[in-house]
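A.B. asks: Questions regarding the structure given below will be posed in turn.
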Amino acid sequence: MKKIYEGKARDIYEVENDLILVSTDRISVHIPLPYKVKYKGQVLNKMSEFWFNKFENTIPNHMITADTKSMPKYFQNEDFLNRCMLVKKLKMLPFECIVRGHITGTCWEKYIKGEDVCGIKLEKGLQQSQKLSYPIFTPTTKEPNGKDTNVTFEEFKKSIGLEFATKIRDKSIEIYLMAYDYLLSKGIILADTKMEFGIDEFDNLILGDELLTPDSSRFWLAKDFKLGKTQTNYDREELRNFVESRSMTDENISNIPKEIIFKVSQKYLDIYKMVTGHNIVC
Ligand SMILES: Nc1ncnc2c1ncn2[C@@H]1O[C@H](COP(=O)(O)OP(=O)(O)O)[C@@H](O)[C@H]1O
Ligand SMILES: [Mg+2]
């Protein structure tokens, strides 16, 4: 099999004119870490499949199947179980399409300095983590070195044209709002999320990459929400705190306690259950 790309989390294989995205258990916290978080890849892949199915009438997506039985023999074994998605190969647009419904992270940092976010002036008097009266679309460039830069809607439009730009913004917000309501009914606040779009051979706009996973979104437990504070993201927060509390020399990286990695793995399984109502079956 021809592996054509190794990303931060996924490996990509080419199969005739299509691609197979394989979600691995690799994890990064600012930098790639030399640890495998068991089940993470399976959770990410199956959760994307869940959402692509849910929103298939809202916007066409790249998924052909996540059933390895319909894939080449090479993928029909334990190592690939639940991790693969056969997708249409797209020409990806070089943007991360972010929708934010709560103010947090870099957006909050800019807000308290009085700066706008991607050209958007936010309402006055917001507190940290507060829900915005309407979600905002804050695209960034997707850079190979990971140093993505915010762009204004005008810049976004200039790069990809008015029609695609407007459609991407409106569809991204629509998906966010629907996912928000669904997740809230499961006790989860979807603070923000990132989508990636591409163009197929007929020039159609298609939703690609992963969708509404803990790697592309901030999920907060509604029961723990406290206005005016930073929230805990329900995924790798403990690992992030550990990494941020130490200067990451090689020695420190290889000394991350196993329990922390195990806990992160549990959280991925928990969130999958909360979102889909199912367990990952291995
Ligand atoms: N349908 C598709 N066609 C082509 N490329 C895709 C498609 N869906 C996702 N991609 C790209 O595949 C890569 C997925 O692997 P990932 O580990 O997320 O990589 P990265 O480190 O680049 O984010 C991303 O670069 C994403 O833009
Ligand atoms: Mg990615």
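A.B. asks: In region 16-35, what residues are within 12 Å of ligand 1 (Cβ to nearest atom) and of a type in the set (A, V, I, L, M)?
C.D. replies: Result: LEU19, ILE20, LEU21, VAL22, ILE27.
A.B. asks: Whether any residue in region 35-49 is without any contact (Cβ under 8 Å) to a residue 60 or more places away in the chain, more than 26 Å from LYS73 (Cβ to Cβ) and within 15 Å of ligand 2 (Cβ to nearest atom) is what I want to check.
C.D. replies: Within region 35-49, not a single residue is without any contact (Cβ under 8 Å) to a residue 60 or more places away in the chain, more than 26 Å from LYS73 (Cβ to Cβ) and within 15 Å of ligand 2 (Cβ to nearest atom).
A.B. asks: Let me ask something else. How many of the residues in region 134-154 are surrounded by 16 or more Cβ atoms within 10 Å (Cβ to Cβ) and not charged (D, E, K, R)? Even if it seems obvious, please write down each step before you answer.
C.D. replies: Start the filter on region 134-154 by keeping residues that are surrounded by 16 or more Cβ atoms within 10 Å (Cβ to Cβ), which leaves 135-140, 142, 148, 150-151, 153.
Checking the rest, the ones that are also not charged (D, E, K, R) come to 135-140, 150-151, 153.
Qualifying residue count for the region: 9.
A.B. asks: Can you tell which of LYS38, LYS8 is in contact with a strand residue (DSSP E or B) (Cβ under 8 Å, 6 or more places away or on another chain) and in a loop (DSSP other than H, G, I, E, B)? Steps first, please.
C.D. replies: On the way: LYS38 fails: in contact with a strand residue (DSSP E or B) (Cβ under 8 Å, 6 or more places away or on another chain).
Unique residue meeting the criteria: LYS8.
A.B. asks: Going by the structure shown, is SER265 out of contact with any Gly (no Cβ under 9 Å at 6 or more places or on another chain) and free of Cβ contacts under 8 Å to residues at least 24 places away in the same chain?
C.D. replies: Numbers: out of contact with any Gly (no Cβ under 9 Å at 6 or more places or on another chain): yes; free of Cβ contacts under 8 Å to residues at least 24 places away in the same chain: no.
The answer is no for SER265.
A.B. asks: Can ILE12 be described as surrounded by fewer than 19 Cβ atoms within 10 Å (Cβ to Cβ), within 16 Å of ligand 2 (Cβ to nearest atom) and touching a residue at least 24 places away in the same chain (Cβ under 8 Å)?
C.D. replies: On the way: surrounded by fewer than 19 Cβ atoms within 10 Å (Cβ to Cβ): yes; within 16 Å of ligand 2 (Cβ to nearest atom): yes; touching a residue at least 24 places away in the same chain (Cβ under 8 Å): no.
So ILE12 does not fit the description; no.
A.B. asks: With SER254, SER247 as the choices, which residue is surrounded by fewer than 15 Cβ atoms within 10 Å (Cβ to Cβ), touching a residue at least 12 places away in the same chain (Cβ under 8 Å) and closer than 21 Å to ILE31 by Cα? Outline the logic, then answer.
C.D. replies: Numbers: SER247 fails: touching a residue at least 12 places away in the same chain (Cβ under 8 Å).
The unique qualifying residue is SER254.
A.B. asks: When you look at MET195, is it of a type in the set (A, V, I, L, M), closer than 30 Å to GLU56 by Cα and within 16 Å of ligand 2 (Cβ to nearest atom), yes or no?
C.D. replies: Working: of a type in the set (A, V, I, L, M): yes; closer than 30 Å to GLU56 by Cα: yes; within 16 Å of ligand 2 (Cβ to nearest atom): yes.
Taking the combined requirement at face value, the residue satisfies it.
A.B. asks: Within the set of pairs 6+ apart or on separate chains, which have a first residue in region 197-219 that is of a type in the set (Ser, Thr, Tyr), a second that is within 12 Å of ligand 2 (Cβ to nearest atom) and outside any strand (DSSP E or B), and C-beta atoms under 7 Å apart?
C.D. replies: Pairs that qualify, where the first residue is of a type in the set (Ser, Thr, Tyr) and the partner is within 12 Å of ligand 2 (Cβ to nearest atom) and outside any strand (DSSP E or B), are THR213/LEU44; THR213/SER48; SER216/GLU210.
A.B. asks: OK, next. Return the residue satisfying two criteria in turn: it lies in region 38-75 and is closer than 22 Å to ASN279 by Cα and aromatic (Phe, Trp, Tyr), and of such residues it is farthest from the chain's Cα centre (by Cα).
C.D. replies: The selected residue is PHE75.
A.B. asks: Which of the residues spanning region 205-224 are farther than 17 Å from MET63 by Cβ and either outside any loop (DSSP other than H, G, I, E, B) or in contact with a strand residue (DSSP E or B) (Cβ under 6 Å, 6 or more places away or on another chain) (or both)?
C.D. replies: Those that are farther than 17 Å from MET63 by Cβ and either outside any loop (DSSP other than H, G, I, E, B) or in contact with a strand residue (DSSP E or B) (Cβ under 6 Å, 6 or more places away or on another chain) (or both): SER217, ARG218, PHE219, TRP220, LEU221, ALA222, LYS223, ASP224.
A.B. asks: What's the number of the condition TRP51 fails, among (1) surrounded by 14 or more Cβ atoms within 10 Å (Cβ to Cβ); (2) more than 13 Å from ligand 1 (Cβ to nearest atom); (3) under 30 Å from ASN255 (Cα atoms)?
C.D. replies: All conditions are met except number (3).
A.B. asks: Residues to consider are GLU163, GLU174, GLU155; find the one that is over 16 Å from LEU207 (Cα atoms) and of a type in the set (Asp, Glu).
C.D. replies: Working: GLU163 fails: over 16 Å from LEU207 (Cα atoms); GLU174 fails: over 16 Å from LEU207 (Cα atoms).
Exactly one of GLU163, GLU174, GLU155 is over 16 Å from LEU207 (Cα atoms) and of a type in the set (Asp, Glu), namely GLU155.
A.B. asks: Could you pull out the residue among LEU211, LEU269 that is at pLDDT 95 or above and within 16 Å of ligand 2 (Cβ to nearest atom)? Don't jump to the end; show me each part of the working.
C.D. replies: Details: LEU269 fails: within 16 Å of ligand 2 (Cβ to nearest atom).
From the options LEU211, LEU269, the qualifying one is LEU211.
A.B. asks: Quick one: which of MET71, MET63 is modelled with pLDDT of 95 or more, of a type in the set (A, V, I, L, M), more than 30 Å from THR232 (Cβ to Cβ) and out of contact with any helix residue (DSSP H, G or I) (no Cβ under 6 Å at 6 or more places or on another chain)? Even if it seems obvious, please write down each step before you answer.
C.D. replies: Values: MET63 fails: out of contact with any helix residue (DSSP H, G or I) (no Cβ under 6 Å at 6 or more places or on another chain).
Among MET71, MET63, only MET71 is modelled with pLDDT of 95 or more, of a type in the set (A, V, I, L, M), more than 30 Å from THR232 (Cβ to Cβ) and out of contact with any helix residue (DSSP H, G or I) (no Cβ under 6 Å at 6 or more places or on another chain).
The values are calculated or read from the model by the stated rules, or taken from the named source; none is laboratory data. If you're wondering where the values come from, they're calculated on a predicted model, not measured in any experiment. Neighbour counts run over all protein chains shown; Cβ positions are idealised from the backbone, glycine included.
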